[in-house]
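Undergrad: Next up is a structure, given as structure tokens.
Read-outs: derived from the displayed coordinates by stated rules, not from any lab. As the structure is a computational prediction, the values presented were derived from the model and not from experiment. Cβ placement follows ideal geometry from the backbone for every residue including glycine, while neighbour counts extend to all protein chains displayed.
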Amino acid sequence: MRHTLRRPLVLAVAAVLALTGCGQASSGSGPGPGTAAVPALHDALPQQVKDSGVLRFAGDSHPPYRTVGADGTSVTGIDKDFQDALGRVLGVRTQTVVVSNLPAALQGMLSGRYEAFNGPVKATAEREQQFDSITWMTTRTSYVVPAGSTAGIKTVDDLCGKRVAVVSASIVEEQLNKLSQYCTGAGRAPTTTIGLADTNATMLAAQSGRADAAGMTQAAAIDVTTAQKGAFTYVTQTEAQGATADNLALLVPKTSGLGPVLRDAYQALFDSGEYRQIMQKWGLTDVTVEKPLLNVATSR
């Protein structure tokens, strides 16, 4: 049924974008008024979302994607910008419900507490058994080191034999395992993984000396070193060291029917130029994708 509705929906999106003249999102420090609402996309939303007028996103603390305020509920960051933009396109309000970690977000979606989770999470065939994934950026893994560190980390190779703090069950933990294999394959000591709840905890571990470095996505490393100039350096894992450019995705439960709708909502942001504007705002033009991709891990 979803596939038979797909082409008319895309045509409706294109028609609305043409009629509203939103070929370019407004300039300034933020997205501004942004891309106009697309009635066909609003109509395609699940009935409970249309009735409530709210699309609920789960979100843990993960700067620069999500920075949770001191009140424990307010959120700023890349996700907030994209969720606001998606809400405008869909004609609903978006809300971020702060959760503790990735498992809490996934279980919360499956139990109906939230409709979506915007990552950063890797699109995998295993996850796509339960969730539709909409890939909207890629990333590589970087390792942040306090400027005053005596661990001697100048290149990724220097991480062999070192303690690295990462978010448990994350893309970064997977990439660190590959780096450890690279180290042992080169006759060097493996890395030691310190799994923690969130990015803030990994940074504290590196700063306190519990870990020699904090592993995170390249986007997060750029944010940390830019926000606190001179306080940190970072190195980025290469393909030769086991790294891959991973597809980062928004996840929604397959049973919800939201996957194709949110992919088309993202496409509206691509078509209007607002997608690129938000990515430029956060200095992430080198990890953009040409178009949003639905279930990339199982559609190859």
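Undergrad: In whole Hz, what ³J(HN,Hα) sequence does the range 240-255 give by Karplus (6.51, -1.76, 1.60; θ = phi - 60°), x for Gly and Pro?
TA: For the range 240-255, the Karplus-derived couplings read 5, 9, x, 6, 10, 7, 7, 7, 9, 9, 8, 10, 9, x, 4, 5 Hz, x marking Gly and Pro.
Undergrad: Hey, fewest Cβ within 10 Å first, where do Thr193, Thr96, Thr35, Thr150 land in order?
TA: Thr150, Thr193, Thr96, Thr35
Undergrad: To the nearest 500 deg cm²/dmol, what mean residue ellipticity at 222 nm is calculated for the chain from DSSP H runs of n ≥ 4 alone, each contributing -39,500 (n - 2.57), summed and divided by the residues?
TA: Estimated from H runs of four or more residues: -11000 deg cm²/dmol.
Undergrad: Let me ask something additional. Just the number, please: percent antiparallel of the DSSP beta bridges in the chain, rounded to the nearest 5.
TA: Around 60 percent of the beta bridges assigned by DSSP in the chain are antiparallel ones.
Undergrad: Let me ask something else. Quick one: what are the phi-derived ³J(HN,Hα) couplings along the range 80-86, Karplus 6.51/-1.76/1.60 with θ = phi - 60°, whole Hz, x for glycine and proline?
TA: Result, rounded to whole Hz: 4, 4, 5, 5, 4, 5, 5.
Undergrad: Using DSSP loop states and a limit of at most 14 other Cβ atoms within 10 Å to flag GluC sites (Glu not before Pro), what is the longest stretch of the chain containing no flagged site?
TA: In the chain, the maximal stretch lacking such sites is 127-289.
Undergrad: I've got another one for you. Which FRET efficiency value, to the nearest 0.05, is calculated for Arg188 and Thr285 with the Förster distance at 45 angstrom and r the Cβ-Cβ distance?
TA: Once the sixth-power term is evaluated, E becomes 0.85.
Undergrad: A follow-up question, please. Whose amide H sits under 5 Å from the amide H of Thr124, counting only residues 5 or more places off or on another chain, with H placed in the peptide plane?
TA: Answer set, sorted by chain and number: none.
Undergrad: Taking 0.36 nm per residue of separation and subtracting the Cα-Cα distance, what length does fully extending Arg113 through Ser149 add?
TA: 8.7 nm
Undergrad: Could I ask something else about it? Rounded, prolate or oblate: which fits the chain when a ≥ b ≥ c are the square roots of the eigenvalues of the alpha-carbon gyration tensor, with rounded for a/c under 1.5 and prolate only if a/b beats b/c?
TA: Prolate.
Undergrad: Enumerate the calculated ³J(HN,Hα) couplings along the range 113-121 in order (Karplus 6.51 cos²θ - 1.76 cosθ + 1.60, θ = phi - 60°), each rounded to whole Hz, writing x wherever the residue is Gly or Pro.
TA: Listing the rounded values in order: 6, 9, 8, 8, 9, 9, x, x, 9 Hz.
Undergrad: Still on this structure, please answer the following. Find, among the trypsin sites (Lys or Arg not before Pro) in the range 132-183, those assigned to loop by DSSP (not H, G, I, E, B) with at most 14 other beta-carbon atoms within 10 angstrom.
TA: Answer by residue number: Lys154.
Undergrad: For the range 141-241, report the translational diffusion coefficient in µm²/s to the nearest whole number, using Stokes-Einstein at 25 °C, 0.890 mPa s, and a Kirkwood Rh over Cα pairs.
TA: It comes out at roughly 188 µm²/s.
Undergrad: Could you list the chymotrypsin sites (Phe, Trp or Tyr not before Pro) in the range 189-297 that lie in coil according to DSSP, counting only those with at most 12 other Cβ atoms within 10 Å of their Cβ?
TA: none
Undergrad: Could you give the nm distance between label points at Asp51 and Asn177, where each point is 7 Å from its Cα heading toward the beta carbon?
TA: 4.2 nm
Undergrad: Using label points projected 7 Å from each Cα along Cα→Cβ, tell me how many nm separate Gln207 and Lys229, to one decimal.
TA: 2.0 nm
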